[in-house]
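Each remark here refers to the structure printed beneath this line.
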Amino acid sequence: MSALAWGLEAVLAVLLAATLWYAVRLERRLGVLRRDNAQLEALVAGFNEATARAEGSTARLRAAAEGAGRQVAEQVEAAGRLRDDLLFLLERGEQLADRLDAAVREARGAVAERSAPQRQPLGPAVEPEQPRVRSQAERDLLQALRAAR
């Protein structure tokens, strides 16, 4: 064999060694990609599961919000009716207060007329007047008037 043949075979052996070295590196990198691919698939599966749970939770949350909205609407409607009733009672209370005020003024005028000095014979002592029993409506009215102050 000539020196040229030995030189060509040496170059070929060096190129073969370089190719082998690159093949080993490529195999390692492909192994890393395969391993990362499995992790990526696991990540995607986990993401899909989380998305499905989130969609289910969103539906339950929407249903709960609708139920709460209906309940709030019912309470607002009931509060409106109660407000109307309270306004009516307030008007009635004001009318009764005006009537009571007018009656007190009349009574004061009548007392002033009667309080003119007159001599009266001494008679039996007058028993103190028993406190008048008030009806439930009067007690409620007085309580409402006190609360309004």
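The values are calculated or read from the model by the stated rules, or taken from the named source; none is laboratory data. All of these numbers come straight from a predicted model, not from anything done at the bench. Positions of Cβ are generated from backbone atoms using ideal geometry, with glycine treated the same way; all protein chains shown enter the neighbour counts.
Residue by residue, here is whether (1) assigned to a helix (DSSP H, G or I); (2) among the basic types (K, R); (3) modelled with pLDDT of 95 or more holds:
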site	(1), (2), (3)
R29	yes, yes, no
L33	yes, no, no
L40	yes, no, no
V44	yes, no, no
V72	yes, no, yes
Q75	yes, no, yes
D85	yes, no, no
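Please pick out the residue among A65, A112 that is farther than 30 Å from L141 by Cα, without any contact (Cβ under 8 Å) to a residue 60 or more places away in the chain and among the small types (G, A, S).
A65
Kindly establish whether A125 is outside any helix (DSSP H, G or I), small (G, A, S), surrounded by fewer than 10 Cβ atoms within 10 Å (Cβ to Cβ) and at pLDDT below 85.
yes
L90: surrounded by 10 or more Cβ atoms within 10 Å (Cβ to Cβ), within 30 Å of A147 (Cβ to Cβ), over 22 Å from the mean Cα position of the chain (by Cα) and aliphatic (A, V, I, L, M), yes or no?
Yes, satisfied.
Return yes when R105 is assigned to a loop (DSSP other than H, G, I, E, B) and modelled with pLDDT under 95 and no when it is not.
Considered against the rule, which asks whether it is assigned to a loop (DSSP other than H, G, I, E, B) and modelled with pLDDT under 95, R105 comes out as no.
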